[in-house]
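None of the figures in this text is laboratory data; all of them are computed from the coordinates on show. This is a predicted model, so every value here is computed, not measured. Quick reminder, even Gly has a Cβ in these numbers, built from the backbone with ideal geometry, and neighbours come from all protein chains shown.
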Amino acid sequence: MEENLPLICPVCGEKSVHSPLLLTDGKTLRCPKNHSFDISAKGYVNLLLSQHKNVKDPGDSKEMVAARRLFLDSGAYSGLRTALCECAGKYSAEMEKPLLLDCGCGEGYYTVGLYEAINPRSGRVIGVDISKNALAAAHSRINADGIKRDIFCAAASVFRLPLEDKCADMAAVIFAPFQREELLRVVKSGGIVLTAIPGERHLYGLKALIYDQPRLNEVKPYDIPGMELLEKREVRETLTITNQELLNSLFTMTPYYYKTSPQDSSRLYSYFGTSDRFETEIDFQVLCYRVI
């Protein structure tokens, strides 16, 4: 990390409303009270305190991260990525050196795309995720192709963002908890918040395969106190999968993976024993907000 970012000390934050900034000291981030956090060989810093973990290794497991990478690298969600990046490019066009926060950055698929969208304005990105497995995978994606990308990642919770107030020009929340209060705290007035939510029929074919009585997704109202809805984009496609590995990966990266019984899951895991193609709907809504 070549320059200091608006990262704050999580230890001091436990004792004070105003937590001091972390300053770069070689491969270490250090606060004025000498609390220090090393930047790992995987390129991220751990700012998630042990008392804020519900389990020893929170977030996505290595298996889930690998499944997500395999599926996303297939290009299945490239339409969503394109829509998000177009919005990021559009709303950052008048910004100078915008700082974008990716809340729940995962293994970096959308993070790198968002960075490239704001890069023409010398943009920077901070990615935050609770999963160290995901951040380790993000490191390889961020550093792919020998390109130097100004993306810095931290292990932290979106419920306790380790960032100073009103520091970000933009924030993205893509399949992560939408923490309105924290977003309003860290995003500047007039700043942009991008999010993606599933539409009614998103992955309906997948649900029809594993459940006897599949239901449409509930789409909640768009109104968010403290934010103005600027734009809604719909991404609707038919996804065709022609091998069992990719179908398994899609299932593993969804919430249904945890909620489906072994008996119902077996329908999916044996699908290509009797069929040669699987189809399901992709239905996303990309929402762009301005912080009031």
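Take every DSSP beta bridge whose two residues both sit in the chain, then give the antiparallel share in percent to the nearest 5. The antiparallel proportion sits near 55 percent. Among Thr280, Thr260, Thr242, a tally of other beta-carbon atoms within 10 Å of each Cβ gives an order, fewest to most, of Thr242, Thr260, Thr280. Pop the C-beta distance of Lys220 and Thr240 into the FRET formula with R0 = 35 Å and round what comes out to the nearest 0.05. It comes out at approximately 0.75. Computed over the chain, relative contact order equals 18 percent, with contacts defined as Cα pairs under 8 Å that lie 6+ residues apart.
In a fully extended conformation the segment linking Asp212 and Lys62 would gain 51.0 nm over its present Cα-Cα distance, using 0.36 nm per residue.
Our note on the geometry: Cα centres of the stretch 82-123 and the stretch 218-292, 23 Å apart. Taking amide hydrogens as placed 1.01 Å from N in the peptide plane, the amide H of Leu23 sits under 5 Å from those of Arg30, Cys31, each at least 5 positions away in sequence or on another chain. Evaluate the charge dipole of the chain about its Cα centre and quote only its size in Debye, nearest 20, assuming +1 on the Cβ of each Lys and Arg and -1 on the Cβ of each Asp and Glu. Roughly 540 debye, rounded to the nearest 20. Checking the cross-link pairs Lys132/Lys232; Lys188/Lys220; Lys90/Lys188 against a 29 Å limit on the alpha carbon distance flags Lys132/Lys232 as lying beyond it.
Sparse packing (at most 12 other Cβ atoms within 10 Å of the Cβ) combined with a DSSP loop state is found for the following trypsin sites (Lys or Arg not before Pro) in the stretch 227-292: Arg277. Along the axis of the charge dipole computed for the stretch 136-269 (Cβ charges of +1 for Lys and Arg, -1 for Asp and Glu, origin at the Cα centre), the listed residues Asn143, Ile192, Tyr222 are led at the positive end by Asn143. The relative contact order of the stretch 54-171, computed from alpha carbon pairs under 8 Å that lie at least 6 residues apart in sequence, is 30 percent.
For Thr240, neighbours were defined as the other residues whose beta-carbon sits under 14 Å from its Cβ, and their charges (Lys and Arg +1, Asp and Glu -1) total -3. Build a GNM of the chain with springs between Cα atoms under 10 Å: which of Leu268, Leu183, Leu100 gets the top mean-square fluctuation? Of Leu268, Leu183, Leu100, the Gaussian network model singles out Leu268 as fluctuating most. Taking GluC sites (Glu not before Pro) as exposed when DSSP calls them loop (any state but H, G, I, E, B) and at most 11 other Cβ atoms lie within 10 Å, what is the longest stretch of the chain free of them, the sites themselves excluded? Counting only loop sites that pass the neighbour cut-off, the longest clear stretch is 97-217.
For Leu101, the residues whose amide H sits under 5 Å from its own are Ile126, Met170, Ala171, Ala172, ignoring neighbours fewer than 5 places away on the same chain, with H placed 1.01 Å from N. Using just its DSSP H runs of length 4 or more, each adding -39500 (n - 2.57), the chain gives a mean residue ellipticity at 222 nm of -8000 deg cm²/dmol after division by all residues.
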